[in-house]
1. Can we say residue 233 is buried (at least 16 other Cβ atoms within 10 Å of the Cβ) and more than 30 Å from residue 15 (Cβ to Cβ)?
2. Scan (1) within 31 Å of the chain's Cα centre (by Cα); (2) assigned by TED's automatic domain parsing to the domain that holds residue 323; (3) surrounded by fewer than 13 Cβ atoms within 10 Å (Cβ to Cβ) for the single condition residue 373 breaks and write down its number.
3. Which residue, of 80, 89, is more than 16 Å from the ligand (Cβ to nearest atom), free of Cβ contacts under 8 Å to residues at least 12 places away in the same chain and out of contact with any helix residue (DSSP H, G or I) (no Cβ under 6 Å at 6 or more places or on another chain)?
4. Pick out, from segment 181-257, the strands (runs of 3 or more DSSP E) lying fully within it that include 3 or more residues that are farther than 23 Å from residue 50 by Cβ.
5. Identify all residues within segment 426-454 that are surrounded by 12 or more Cβ atoms within 10 Å (Cβ to Cβ), within 48 Å of the chain's Cα centre (by Cα) and part of a helix (DSSP H, G or I); write none if there are none.
6. Check off (1) surrounded by fewer than 15 Cβ atoms within 10 Å (Cβ to Cβ); (2) in contact with a strand residue (DSSP E or B) (Cβ under 9 Å, 6 or more places away or on another chain) for residue 147 and give me the number that stays unchecked.
7. Would you mention how many residues in segment 174-186 are over 33 Å from the mean Cα position of the chain (by Cα) and at pLDDT 90 or above?
Ligand SMILES: [Zn+2]
C-alpha cells in the first residue's frame, strides 16, 4: 500500500503523512458547543473525520481520537436563560442529542470525549505557565488575556496580519483592561448569576480557545499528529489555540485538517435554515446509513450543497449498491468479505479522495451486476468484496451490525409501514365488499397483538398490552 498523503491547512500543500510516534496516530477534533440540536453541517465534520480515522486504522495505525464537548460558553448561558433550564441541564440535553446523532450515522465514539468543565484544573495550569513566561496577563478584574504581540508568530494558519484584524471580540470582554485590542481572553471574570470557578486571578469561566489547548495537552501531550475541525474554526479559534499552546512551549499539532461546510443555496447553513436540516428531521426521510453515505460522498475539502433531491438521489444510488451486496450474498451462499482494492487504497491515500473511490465502487457495481447476469460467481465475489471493503471504510457497510441489528426506532418505523400496508389492503377489501378478506386481515393483525381502532381520522393501530 502506498504512502498516505494529506492536505495540511498550515502549509497549504498535500504532503506525506508520517506520525510522530511510529505506528500510532493522535488526533484532536473540536467537538460541539452543546447549545442546540445537531444539524447535518455538524455531523458532516464528524463523518469526515470518522472516515479519516477508519482509513488510518485500516492502514495499521493505533489511533487515539479525542473530540471535546464545549459545555460552558456564552451561547449555552443565554439559551439556558431562554429555555428556563440550568445551563448544565441544557448542555447535557444537547450533548445527548449529538451522541444519538453520531451513533445513528455510525460515527465511532472518540477514544475519549472530554468536557470543558471537567478540565478547569488543566486550564489554570496552562494559564499559570503563560503568565509566568510573560505571554499572558491578568489585569486584576478576574479576566486573563493572551498578549498576542509577544508571540513569535501569530495568525500563520490563516495567513493574516494582526494589524489587519478587527479587535478581538470576547463578547463581554472589557476592552479597556486589554493591553492591545487584539489580545484575546483566556479566562472571563465572573459575572453575577453566571457559573464560575476560582483561580489565582479571580473567579470566572474559561474562554472557548483555552479549553481545547488544555484538553489536547491533557490527552495527547505537548505534540500530536492531526488537529481537525470545520473551516470556520481556522480563525479565530484555531489560531488562538496555536497561540496559547506554542506560547506555553508545546509543539502542538503537526498537521491541520479542515472539513468544508454543508451549504444551502450556496450559503453556510444558518441556524434558521438549519432547523429543517436537523439530523433528527432528515432521519425521518432517509436511514442513517443513507445520510452517512450522502454526507461522506463529497471530498472533505469541498462544499456540499444540500438539496432534498440530491439527498434522495444519493439514497437511491446507495440502495442499488446495498441490494447488489444482498443479492451477491444470496447467489454466493455466503456474505462477501471486506477487501480493500488497490484503486480504493490509492484514492484514499490521495488526501481521502472519496469521489474517486466512489467512481471505483460504481465500476465494481457494474461489473458485479454483469457477473449476476453472466452467472459468473468469481466476478460477483470479487466486486462484492471490494465494494464491501470500501463501504466499511466509509462507515456504510450494510452488513455492519451497527446498522443490520436495527435500532428499536427503525423497527418501530418499519412496523408502522407494514401495518399501514395491511390496513390499506383491508380498506381495499372492504371497498369491494370482500368482508371475508377484510376480517382475515384484521384477525391476522390481532393474532400478532395489533389492535385496530377505526377513528374519524382513519384506522389507528396499537400493540396490545401483554397480559
Ligand atoms: Zn477547539
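The values are calculated or read from the model by the stated rules, or taken from the named source; none is laboratory data. As the structure is a computational prediction, the values presented were derived from the model and not from experiment. Positions of Cβ are generated from backbone atoms using ideal geometry, with glycine treated the same way; all protein chains shown enter the neighbour counts.
1. For residue 233, the condition - buried (at least 16 other Cβ atoms within 10 Å of the Cβ) and more than 30 Å from residue 15 (Cβ to Cβ) - is not met.
2. Condition (1) is where residue 373 drops out.
3. Only one candidate passes the filter, namely 89.
4. Correct list: 184-189, 204-206.
5. Scanning segment 426-454 gives 426, 427, 428, 429, 438, 440, 441, 442, 444, 445, 446.
6. Result: residue 147 fails condition (1) only.
7. Matching residues across segment 174-186 total 4.
Table: residues versus (1) within 16 Å of the ligand (Cβ to nearest atom); (2) more than 29 Å from residue 298 (Cβ to Cβ); (3) touching a residue at least 12 places away in the same chain (Cβ under 8 Å); (4) not assigned by TED's automatic domain parsing to the domain that holds residue 106.
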{"position": "219", "(1), (2), (3), (4)": "yes, yes, yes, no"}
{"position": "231", "(1), (2), (3), (4)": "yes, no, yes, no"}
{"position": "249", "(1), (2), (3), (4)": "no, yes, yes, no"}
{"position": "277", "(1), (2), (3), (4)": "no, no, yes, yes"}
